[in-house]
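Structure first, then comments.
Read-outs throughout are calculated quantities, based only on the coordinates presented, and are distinct from any laboratory measurement. For clarity, every value in this text was computed on a predicted model and none was experimentally measured. Glycine also receives a Cβ, built like all others from the backbone with ideal geometry; neighbour counts cover every protein chain displayed.
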């Protein structure tokens with residue numbers, strides 16, 4: 001078996017694991033959205049997309065910053081918290097404190 005064959009096998013295994021993880025997260029009854037340490041979007045489950053239908057599919061949001069997606073929600077009228085409308089930076093800081101940082105959260 002060549003190194004290329006081993007790499008192809010590892011890639012296929014990682015793809016299967018990724019698909020199983022996505023399917024598992026989609027069975028959770030609450031919304032789940034994951035951002036990396038720099039606040040870039042990585043994944044959201046089906047409930048999240050049902051709650052925020054104005055946002056595009058994961059493939060289109062991949063790499064978008066949390067603040068930009070939040071701004072889209074504000075423009076779409078999806079934010080009820082007045083703090084998000086008046087002081088976005090303070091609102092983001094407060095959500096970080098409640099969720100333990102921007103690296104990921106379940107709503």
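Among the residues of region 27-41, are any surrounded by 15 or more Cβ atoms within 10 Å (Cβ to Cβ), at positive phi and under 11 Å from the mean Cα position of the chain (by Cα)? Break it down into steps so the answer makes sense when it comes.
Here is the first cut: in region 27-41, the residues surrounded by 15 or more Cβ atoms within 10 Å (Cβ to Cβ) are 31-35, 39-41.
Among the residues that remain, those that are also at positive phi are: 39.
From what's left, under 11 Å from the mean Cα position of the chain (by Cα): 39.
The answer is yes; a qualifying residue exists.
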Worksheet item: Is it the case that residue 37 is touching a residue at least 12 places away in the same chain (Cβ under 8 Å) and touching a helix residue (DSSP H, G or I) at 6+ places or on another chain (Cβ under 9 Å)?
Response: no
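To keep it simple, each residue is scored yes or no on (1) touching a residue at least 24 places away in the same chain (Cβ under 8 Å); (2) in contact with a strand residue (DSSP E or B) (Cβ under 7 Å, 6 or more places away or on another chain); (3) closer than 16 Å to residue 59 by Cα.
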residue	(1), (2), (3)
3	no, no, no
8	no, no, no
11	no, no, no
15	no, no, yes
18	no, no, yes
27	no, no, no
33	yes, yes, yes
46	no, no, yes
49	no, no, yes
